[in-house]
Amino acid sequence: MNILVIGGTGPTGIPIVGGLVDAGHVVTILHRGLHERTDTPPEVIHLHADPYDEVSLVGALGDSTWDVIVAMYGRLRRIAELTKGRCGHFVSIGGVPAYRGWTDPWQHDPPGLPVPVSEKADLVQDHGIDEKGYRIVRTEVAVFAAHPAAAHFRYPYMYGPHQPVPREWSIVRRILDGRRRIIVADEGLTLHHHGYTENCAAAVLRGILHPELSAATIFNVADAEVLTVRQVVELCSVALGADLEIVSMTYDLAVPAHPLMAQPLPTHRVLDLERLHHQLGHVDVVPARRAIGLTARWLVANRPKPGGSEETVLTDPFDYDAEDNLMDSWLRARAS
């Protein structure tokens, strides 16, 4: 097949492109050319354009057609409209913030998402409450208006190599800095579904290669096993040979643990993956418990710059003096 991948150089783009090439397909990637990756297969054709700029995108697409178009980057709504009628199968990537309450758990009473969240769960319908989620939902509507038989994948928080928001860095950096204690909220028992890059890529790849299974369908994507925050801490510690004492506090007090949780409440975020596994037939290529260790070791070898973009996005100040004062005060209060 002749396949166009818009994007293709990000954390899941590289394994998707590599998988398509390995399967014998002719692959073109359309990207800005600012982040050429050495692990992009040499036989891949490059179109350099800005997927966020309509004029640039129109010029790059010309009047070409493809068997499959995979939209991973850029303004998905406009990409879907501009590629209408240009492919046999359209595959797109969105996000789980489409669900009502994903970013604002107070939208449910009591607060917190239903567990698990299926693809049929309520979506964001009020831009005044959740503008980002509303835009994601409207984009999905536009995708299926232009491509009724599209396969659409809702990505969760991702982890693995080249992830620009590396959750595990909040643990790994503390280990590298010689910390021997770490704060978690409510015993770290919150379940928060993430997806390892290679697992998410494998799911999308299967959707690309098997349109008879994926067409006209929305899929939740995440690891088969959802780990607790505490398990993630413990798995990183084991992978790096560290002995971290876990100090549990109530969520309200455990402020240093909030960046690791990446949500405003310690409620669960668990996705229903029945459609992904049973309809599409996806199987994780790397079990979640092993993937966490691989990610921790990758971060050691590719350390984010202190105070750089990754730490800024994580909103983790790594203020160890404040953490020690908080833990010591908490432990004294608990002992008394």
Subject >> 27 Å Cα-Cα reach of residue 120 towards lysines, excluding residues that sit fewer than 8 places from it in its own chain >> reply: 84, 132
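Which semi-axes, in whole Å and largest first, does the equivalent ellipsoid of segment 211-336 have when worked out from the alpha carbon gyration tensor as the square roots of 5 times its eigenvalues? Walk me through the intermediate numbers first.
Details: eigenvalues 230, 66, 46 Å².
Equivalent ellipsoid semi-axes, largest first: 34, 18, 15 Å.
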**OP:** Distance between Cα centroids, segment 210-262 to segment 83-151: provide it in whole Å.
**Re:** 22
**OP:** Over every pair of different alpha-carbon atoms in segment 141-290, take the mean of 1/r and invert it; report that Kirkwood radius in Å.
**Re:** 16.8
**OP:** Using only C-alpha atoms and all pairs of different ones, pull out the Kirkwood radius for segment 88-201 in Å with one decimal.
**Re:** 16.6
Original post:
In nm, to one decimal, how far is the residue 312 label point from the residue 2 one, both placed 7 Å along Cα→Cβ?
Top reply: 4.2
Original post:
Rounded to the nearest 10 Å², what accessible area does residue 212 show when all protein chains are kept and the probe is 1.4 Å?
Top reply: 130
**OP:** Return the Rg/Rh value of the chain, two decimal places, where both radii are evaluated on C-alpha atoms and Rh is the Kirkwood radius.
**Re:** 0.99
Original post:
Farthest toward the dipole's positive end in segment 1-108, which of 30, 92, 16, given Cβ charges of +1 (Lys, Arg) and -1 (Asp, Glu) about the Cα centre?
Top reply: 92
**OP:** Enumerate by residue number the trypsin sites (Lys or Arg not before Pro) in segment 72-170 meeting two conditions: DSSP loop (anything except H, G, I, E, B), and at most 10 other Cβ atoms within 10 Å of the site's Cβ.
**Re:** 120
Subject >> Where labels lie 7 Å past Cα in the beta-carbon direction, separation of residue 324 and residue 138 in nm >> reply: 5.1
Original post:
Taking +1 at the Cβ of each Lys and Arg and -1 at the Cβ of each Asp and Glu, which of 45, 205, 171 sits farthest along the dipole of the chain towards its positive end, judged by Cα position relative to the Cα centre?
Top reply: 45
Subject >> Within segment 1-150: Cβ-based charge dipole about Cα centre, in debye rounded to nearest 20 (Lys, Arg +1; Asp, Glu -1) >> reply: 180
Subject >> Cα-centre dipole for the chain with unit charges at Cβ (Lys and Arg positive, Asp and Glu negative), debye to 20 >> reply: 240
**OP:** Kindly express, to the nearest 10 degrees and within the range 0 to 90, the angle between helix 197-209's C-alpha long axis and the longest C-alpha principal axis of the chain.
**Re:** 20
Subject >> For segment 121-138, Karplus couplings with θ = phi - 60° (6.51, -1.76, 1.60), whole Hz, Gly/Pro x >> reply: 5, 4, 9, 5, 10, 10, 5, x, 8, 9, 5, 5, x, 4, 5, 4, 5, 5
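The values are calculated or read from the model by the stated rules, or taken from the named source; none is laboratory data. Everything numeric here is computed off the predicted structure, so don't read it as measured data. Positions of Cβ are generated from backbone atoms using ideal geometry, with glycine treated the same way; all protein chains shown enter the neighbour counts. Please note that ligands, DNA and RNA were not included when accessible areas were found on the heavy atoms of the full protein model with its side chains. Shrake-Rupley method; radii C 1.70, N 1.55, O 1.52, S 1.80 Å.
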